Ligand SMILES: [Zn+2]
């Protein structure tokens, strides 16, 4: 399967010229091409079709690659923290959507991993449903969140290994009530992670 043809045939027929130009820009960008390779070559817990859908959305919306800070609405921070604390022995998970690097909405998902105390996985069907919801609301996928029942909310080796979306912020939540910073966000790409400055807006 040739991903490029899939991407171009998925966008729709009314923006032919602009799309051709975007494709060209996209191919000329080493960073995006690298993302493209990561996207199609990794064996993943998320369905490949989903990766294509995400890629199409990125092409359309042109998410910026550079990221060192992210804004999060206060009610969304409270919502994902509550999600983590509602079942503190298992990892909770979900997606975060917004615009212009400001997250406005959390879309929780069911963790279908074999060992939910130590891993998270979203079923492809649910992921599709959530992605459709994000698009219908005219928002962008900006983040992915999950919790660490042991309380240490820094990326695990598995989190780094499975960070297939280099353009999103990975939020890790600690359900520990004594944790001073229970909601932290990271950029994870190419086997490395860096904490993002998270501005929680009230
Ligand atoms: Zn993790």
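Tell me whether segment 69-201 comes out rounded, prolate or oblate; compute the Cα gyration tensor, take square roots of the eigenvalues as a ≥ b ≥ c, and use a/c under 1.5 as the rounded threshold.
Values: a/c = 1.25, a/b = 1.13, b/c = 1.10.
In terms of gyration-tensor shape, rounded.
For a modelled paramagnetic label at residue 87, 7 Å from Cα along Cα-to-Cβ, the residues of segment 113-156 in reach, with backbone nitrogen under 11 Å, are 113, 116-117, 121.
What is the extension gain from residue 129 to residue 201, computed as 0.36 nm multiplied by their sequence separation minus the C-alpha to C-alpha distance, in nm to one decimal?
Roughly 23.2 nm would be gained on extension.
Of the beta bridges in segment 69-201, as assigned by DSSP with both residues counted there, near 65 percent are antiparallel. Extension gain, residue 99-residue 156: 0.36 nm per intervening residue step, less the Cα-Cα distance, totals 17.8 nm.
Rule-based calculations on the coordinates, nothing more; no lab input. Note that the structure is predicted; figures quoted are calculated from it, not measured. Quick reminder, even Gly has a Cβ in these numbers, built from the backbone with ideal geometry, and neighbours come from all protein chains shown.
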